[in-house]
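Trainee: Once you've had a glance at the structure underneath, I'll fire off some questions.
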Amino acid sequence: MKHIDVKDIITSKEFIGQSVTVCGWVRTSRNSKSVAFIEVNDGTSLKNVQVVVEKGEGSDYKEPRVGTSIKVTGNVVEGRNNTVEINTTPESITIFGDAPTDYPLQKKGCSLEFLRSIPHLRGRTNTFNAVWRVRSVLAAALHEFFQSNNYVYVNTPLITGSDCEGAGEMFQVTTNGYTTEYKSEEEYYANDFFGKKAGLSVSGQLEGEMAAMAMGKIYTFGPSFRAENSNTPKHLAEFWHIEPEVAFAELDDVIEIAEDMLKFVIGKLLEKCPDEIAFFDAHFEKGLKARLEELISHEFGRVTYTEAIKLLQESGEKFVYPVEWGCDLQTEHERYISEKVFKKAVFVTDYPKEIKSFYMKQNPDGKTVAAVDLLVPGVGEIIGGSEREYDYDKLIAAMKERNMNLDLYSDYLDLRKFGSVPHGGFGLGFERLIMYTTGMANIRDVILFPRTVGSIR
Ligand code: 4AD
């Protein structure tokens with residue numbers, strides 16, 4: 001169907017004086033004696049195009065309802081305040097689909113909670129139009145960053161036989177229905193589709209490492225799945241994960257890549273989505289634009305876990321979760337460090353080995369590992385990464401300490417046998433990045449169809 005995007009019509013003057021066709025949904029509609037006004041939006045822009053309908057004598061013009069999908073052909077003219085609008089007649093309007101009065105988006109200002117109950121329609125609001133576009137622009141910018149720095153994009157498997165994080169948060173993948181006929185767990189899994197226990201991957205890192213040991217610099221960008229029983233504003237059961245992995249790299253290199261990557265993609269976002277950022281600044285987080293501009297022009301903070309614990313203990317704050325060396329940092333701690341102490345994004349490094357994963361490089365102190373988390377104001381952790389343990393014996397020892405089944409990781413262990421190199425990488429939670437760059441406070445509002453504990457449709 002030949003038509004012009006609303007975005008192109010309203011952002012360029014080249015269509016003035018021409019006859020064009022636009023398609024879209026009616027956002028508002030006003031009717032008066034001789035003329036009617038329809039605001040049309042086709043999703044390509046936050047802004048609508050105004051259609052002015054010259055009704056003429058004795059017209060039987062029927063005002064289209066909010067939500068109706070239409071096609072309009074008319075002449076582009078200059079409107080007020082440097083805008084353009086389309087002049088048309090009732091005969092040049094085609095209705096594709098009416099929207100009866102129970103269309104849920106009749107009024108402006110629906111709550112986010114209400115909109116979560118209609119995920120199939122909420123993209124037609126300004127808020128979600130802006131979120132989905134920011135998501136798309138950030139995704140493209142991430143690819144651009146890695147592609148222009150010699151990284152190879154790899155696709156790691158979603159179904160896997162090994163748990164990367166070892167946290168027991170894997171969804172099981174099975175074709176075996178309920179039955180009591182199996183005598184043991186082994187027998188049950190032996191009869192399953194893959195002949196052994198399988199699950200949805202919590203991270204593409206282990207396979208990413210294997211690719212990096214061939215291609216040098218790789219990144220993944222795909223979904224990860226976590227059966228965490230965390231009903232919080234920042235946990236999803238299915239989230240999108242960006243995981244670069246780099247050979248011949250140490251922890252400082254990993255940190256530098258993470259900082260460069262974030263500054264690049266946020267810079268691109270400010271350049272490509274000024275209207276969306278202004279919208280979020282006005283409606284969701286006052287000062288968002290200034291905060292993002294500040295972020296890309298200053299160095300991120302840096303602190304070790306041990307120093308962070310000291311800062312928390314000496315803060316005089318009352319935390320729900322007690323703070324002592326060895327504890328996992330909770331969101332309240334992470335936010336205190338980034339919001340109150342540093343007032344910006346901050347890398348926390350060198351965590352106790354007991355609270356981190358088996359694959360992290362063991363530091364010479366025997367107590368900590370070369371891990372890094374990036375904490376940001378408002379959200380908490382958005383990146384988790386590390387230098388990897390590349391010494392075969394040390395890795396085996398760490399896995400045995402955790403009672404891991406080494407057979408499941410034989411490919412991974414082979415990497416340490418054949419030309420092992422210092423290497424590292426990190427995982428960026430895509431939805432958390434979108435929360436941080438839009439000011440949206442709930443992760444359910446930055447993904448089309450959120451999957452969370454107890455909720456799927
Ligand atoms: O810190 P995590 O668990 O690290 C890993 O998965 C490593 N294998 C990454 C690597 O080194 N290649 O997760 C990385 C990031 C977190 O910082 C967070 O942003 C996001 O993934 N994340 C989640 N996002 C939404 N919902 C969840 N349930 C998430 N779990 C982790």
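Trainee: Spot the failing condition for V66; the list is (1) out of contact with any Asp or Glu (no Cβ under 7 Å at 6 or more places or on another chain); (2) without any contact (Cβ under 8 Å) to a residue 40 or more places away in the chain, and only one is missed.
Mentor: So V66 meets the others, but not (2).
Trainee: Please count how many residues of region 63-88 are more than 17 Å from G24 (Cα to Cα) and not acidic (D, E). Please lay out each step first, then the result.
Mentor: Our first condition is that a residue be more than 17 Å from G24 (Cα to Cα); within region 63-88, this holds for 77-83.
Retained after the next criterion (residues that are not acidic (D, E)): 77, 79-83.
Matching residues across region 63-88 total 6.
Trainee: Does region 186-203 contain at least one residue that is away from the ligand (no atom under 16 Å from the Cβ), among the acidic types (D, E) and not in a helix (DSSP H, G or I)?
Mentor: Taking region 186-203 and keeping what is away from the ligand (no atom under 16 Å from the Cβ), we get 186-198.
Next, from what is left, pick out any that are among the acidic types (D, E): 186-187, 192.
Filter once more, keeping what is not in a helix (DSSP H, G or I): 192.
Among the residues of region 186-203, at least one is away from the ligand (no atom under 16 Å from the Cβ), among the acidic types (D, E) and not in a helix (DSSP H, G or I), which makes the answer yes.
Trainee: Of all residues being charged (D, E, K, R) and under 28 Å from the mean Cα position of the chain (by Cα) in region 382-401, which is surrounded by the most Cβ atoms within 10 Å (Cβ to Cβ)? Just the residue, please. Write out each step before concluding.
Mentor: Taking region 382-401 as the starting set, the residues that turn out to be charged (D, E, K, R) are 387-389, 391, 393-394, 400-401.
Okay, now just the ones that are also under 28 Å from the mean Cα position of the chain (by Cα), so 387-388.
Working: E387: 26, R388: 28.
Checked region 382-401; the qualifying residue surrounded by the most Cβ atoms within 10 Å (Cβ to Cβ) is R388.
Trainee: If I ask for residues that are assigned to a loop (DSSP other than H, G, I, E, B) and under 19 Å from the mean Cα position of the chain (by Cα), which ones from region 99-124 would you list?
Mentor: Selection gives P119, H120.
Trainee: Does at least one position in region 392-408 carry a residue that is more than 21 Å from W132 (Cα to Cα), modelled with pLDDT of 95 or more, acidic (D, E) and assigned by TED's automatic domain parsing to the domain that holds Q330?
Mentor: For region 392-408, residues more than 21 Å from W132 (Cα to Cα), modelled with pLDDT of 95 or more, acidic (D, E) and assigned by TED's automatic domain parsing to the domain that holds Q330: present.
Trainee: For region 422-434, indicate whether the set of residues that are surrounded by 14 or more Cβ atoms within 10 Å (Cβ to Cβ) and more than 20 Å from T220 (Cα to Cα) is non-empty.
Mentor: Checking region 422-434: not a single residue is surrounded by 14 or more Cβ atoms within 10 Å (Cβ to Cβ) and more than 20 Å from T220 (Cα to Cα).
Trainee: Go through the residues of region 279-299 one by one and say whether even a single one is under 17 Å from the mean Cα position of the chain (by Cα), among the charged types (D, E, K, R), within 29 Å of G425 (Cβ to Cβ) and in a loop (DSSP other than H, G, I, E, B). Don't jump to the end; show me each part of the working.
Mentor: Pass one, region 279-299, residues under 17 Å from the mean Cα position of the chain (by Cα): 280, 292.
Filter once more, keeping what is among the charged types (D, E, K, R): none.
No, the conditions are met nowhere in region 279-299.
Trainee: For the condition among the acidic types (D, E) and within 20 Å of K234 (Cβ to Cβ), what is the one hit in D391, D365, D414, D373? Break it down into steps so the answer makes sense when it comes.
Mentor: Working: D391 fails: within 20 Å of K234 (Cβ to Cβ); D365 fails: within 20 Å of K234 (Cβ to Cβ); D414 fails: within 20 Å of K234 (Cβ to Cβ).
Every option except D373 fails the conditions.
Trainee: Please specify each residue of region 207-245 satisfying the condition of being over 12 Å from V453 (Cβ atoms), near the ligand (Cβ under 9 Å from one of its atoms) and at pLDDT below 95.
Mentor: K234
The values are calculated or read from the model by the stated rules, or taken from the named source; none is laboratory data. Owing to the predicted nature of the structure, the values given are computational and were not obtained by experimental measurement. We place every Cβ from the backbone using ideal geometry, glycine too, and count neighbours over all the protein chains shown.
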